[in-house]
Each structure stands twice: as structure tokens, then as C-alpha cells.
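Questions regarding the structure given below will be posed in turn.
Every number in this text was worked out from the coordinates using simple rules, so none of it is lab data. Bear in mind the structure is a predicted one, so any value in this text is a computation, not a measurement. FYI the Cβ positions are ideal-geometry reconstructions off the backbone, even for glycines, and counts take in every protein chain you see.
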């Protein structure tokens, strides 16, 4: 299995800040099949980015994804109050897909 | 717009079988796309359980393969999950999902909590 390691586990930031979350894979993620999800308490995850850098449908452009191979980042520019949530990466390049452990974005 | 709704017992005894159903509306399972079960527990985060493609292709998480079966009843347009010999470690919120044509989970149910306890 490909192991996904996210950092940081927790991130404190203020409205208007720019933040970056990193996901490192234990091996190359084929075709950069890496997605980022946002999850709020009691809700299912919502896709923000897929194929490492493609924005999901209806996702605001302040969200962006980058990276390739085994290292990927999610950047949120100009944080909005609605952005405080938990974020997960997912590699779906193998039939046994694996998630990162999550990054909780908190209000400073 | 496809919609998914999980259902099943909220409490299962240790060593017994966990059985869940995902009712799908707005799209026919037999028309295509991969379908998946994913779970989320406090201890292990989000975990891929298995995937299904009609009429019967399945792929399972190696760590669960010996205990899990994912199938579909196309007459009812339902996806099913069976997990045998459960333990407290299987306590989680279980989600069903339809994968996008680009292979990532794009549509999710709201999830159902299953607690394994005597």
C-alpha cells in the first residue's frame, strides 16, 4: 500500500491568511492521481482538487493544488470563515486507495 | 444528480456480521462508474474498504479482504457491504460513494455510524 503522510496535523490561522498543507506519499503516485477533500463535522468529505491540480466543480479559486510524484500541496489563499475544517489527501492511483491522516485547520 | 443513502443496524455485537445497504437514486448502478465503501473511525481516520463495478468486479483493501464483501442488487439499485467477524476496531462511520469518471470519490452518502459492542 502507498502510505500518505500529511503535515501539519493541526494548523492555526486567521481569516485572510494564506495556508499550505502538504501530503507526502511513500512512493510515486501514478499519474498524479491525488485528491484533496474538505470535511466538516458530521458531514461527508467534499472534493476540492483532483488529479493533483484540477479544481472540483464549484470550488472557489482560492483553493489550489500542486505537486507531482510523491509530494503534493493544497494552498488556500485568503482564508474565509467557511474554510475552517479538516482537510484530507487521497491517492487513488492504486486499487487500494489511501487517505492522509488529516489536517485540522483552526481559527487562531 | 446522484444521491446515496446508507442504512443498517447502528449496533453490532463482536464476532457478528456487519451488513449495510446504500440506496442509490438519480443514477443506475448498472449504467457504469465504480462504487465504493469508505469508513471513518477516530483511531484510523478515513479508510478505503472496497470498490465495485457492475456486473461484479470488486477490489478490496488488503487489510480487510478476508472479511469483506461488496455487492450490488441492481433490481433495487442498492450497494451492499458485509463485514464478518467484527470487533471494536470496526466501529466507524461508514460511507458509500460513487467514483467520478476520473476515479476519485465524487458523490458521497451522509454516512451511518456503526458501533461494535456487546
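I'd like the projected area of chain A, averaged over all directions, using the convex hull of its alpha carbons. Report it in nm² with one decimal.
On the way: hull surface 24.6 nm².
Hull-based average projected area comes out at 6.2 nm².
Let me confirm one metric for peptide A:37-45, namely the mean number of other chain beta-carbon atoms within 10 Å of its residues' beta-carbons.
Details: counts 4, 0, 3, 0, 0, 3, 3, 13, 8.
Taking the mean over all residues of the peptide, I get 4.
Related question: Alpha carbon centre of the range B:40-83 versus the range A:63-108: separation in Å?
Using only Cα atoms to place each centre, the spacing works out to 24 Å.
Mean projection of the alpha-carbon convex hull of chain B over all orientations, in nm²?
On the way: hull surface 27.1 nm².
Hull-based average projected area comes out at 6.8 nm².
Per-residue mean of other chain beta-carbon atoms within 10 angstrom of the beta-carbon, peptide B:100-113?
Details: counts 6, 0, 7, 8, 15, 9, 6, 2, 7, 1, 3, 4, 0, 0.
The shielding value for this peptide is 5.
What base-10 log of the normalised intensity I(q)/I(0) is obtained for the range B:1-63 from the Debye formula, alpha carbons as equal point scatterers, at q = 0.20 Å⁻¹?
The Debye formula, applied to the Cα set alone, gives -1.01.
Right, another one. So what is the orientation-averaged projected area of the protein assembly as shown, using the convex hull of its C-alpha atoms, in nm²? Before the final figure, lay out the partial values.
Numbers: hull surface 47.6 nm².
Projected over every direction and averaged, the Cα hull of the protein assembly as shown covers 11.9 nm².
OK, next. Which whole number gives the average, over all residues in B:47-59, of C-beta atoms from other chains lying within 10 Å of the residue C-beta?
Numbers: counts 3, 9, 0, 2, 4, 0, 0, 0, 0, 0, 0, 1, 4.
Mean shielding by partner chains, rounded to a whole number: 2.
Still on this model: So for the range B:1-114: antiparallel DSSP bridges make up what percent, rounded to the nearest 5? Walk me through the numbers before you get to the answer.
Details: 40 of 40 bridges.
Approximately 100 percent, going by the DSSP bridge assignments.
Shifting gears a bit: Divide, for the range B:33-91, the radius of gyration over alpha carbons by 2.2 N^0.38 Å, where N is the residue count. Please report the intermediate quantities before stating the final value.
On the way: Rg = 11.9 Å, N = 59, 2.2 N^0.38 = 10.4 Å.
Taking N as the residue count of the range B:33-91, the ratio is 1.15.
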